[in-house]
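Read the figures in this text as sums done on the coordinates, not as results from a lab. All figures in this text were calculated on a predicted structure; none of them were measured in a lab. A quick note on method: Cβ atoms are made from the backbone with ideal geometry, for glycine too, and the neighbour counts reach across all protein chains shown.
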Ligand SMILES: [Zn+2]
């Protein structure tokens with residue numbers, strides 16, 4: 001599925017922040033800030049414990065674009081710390097993912113995992129653009145060499161073309177491997 005938005009421009013709600021706020025509030029509601037990595041205005045979330053110890057059901061309330069949303073999330077303790085289930089896990093056939101945080105894109109209404117929200121990182125986009133620029137430059141050099149009368153330069157052009165194809169193949173297999181890994185975030 002193509003990426004629709006950026007993690008950096010989305011609010012990030014951390015499981016550890018919710019856990020800390022609930023600990024301080026001792027059973028009452030507490031406020032947690034969901035922050036935007038790009039430095040955008042944080043979103044204030046009111047969290048309320050709604051029962052359970054592991055998972056803890058947590059009511060969340062926040063106002064986005066003038067609309068107050070009442071929802072709940074599940075917080076889970078594990079050996080590695082606290083995790084939060086994707087909000088879409090509560091739907092029939094829902095998302096099985098859990099991570100350190102859930103994300104809310106500026107155009108969205110509920111927090112979910114990166115996959116469900118179809119969020120990518122700016123850094124995931126930049127290398128592709130940079131690779132395309134590099135390949136375009138290499139192809140231009142290749143074209144110049146092929147146009148030369150010098151056979152050794154022409155052979156060099158073919159070698160360059162092979163190198164470009166090899167790089168593309170390596171990059172595409174890296175991308176496939178990257179997609180297979182289910183990174184909990
Ligand atoms: Zn999800």
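Order of 73-81, 12-20 by packing, highest average Cβ count within 10 Å first? All intermediate terms of the calculation are to be shown ahead of the outcome.
Details: 73-81: 14.4, 12-20: 20.1.
Put in order of decreasing packing, that is 12-20, 73-81.
Under the rule of -39500 (n - 2.57) per DSSP H run of 4 or more residues, summed and divided by the residues of the chain, what mean residue ellipticity at 222 nm is obtained, to the nearest 500 deg cm²/dmol? Spell out each step's value before the answer.
Values: 4 runs with 71 residues, N = 185.
The per-residue figure over the chain is -13000 deg cm²/dmol.
Relative to the globular-protein estimate of 2.2 N^0.38 Å, the Cα radius of gyration of region 1-51 stands at 1.35.
In terms of overall dimensions, region 32-158 has a Cα radius of gyration and Dmax of 24.3, 79 angstrom.
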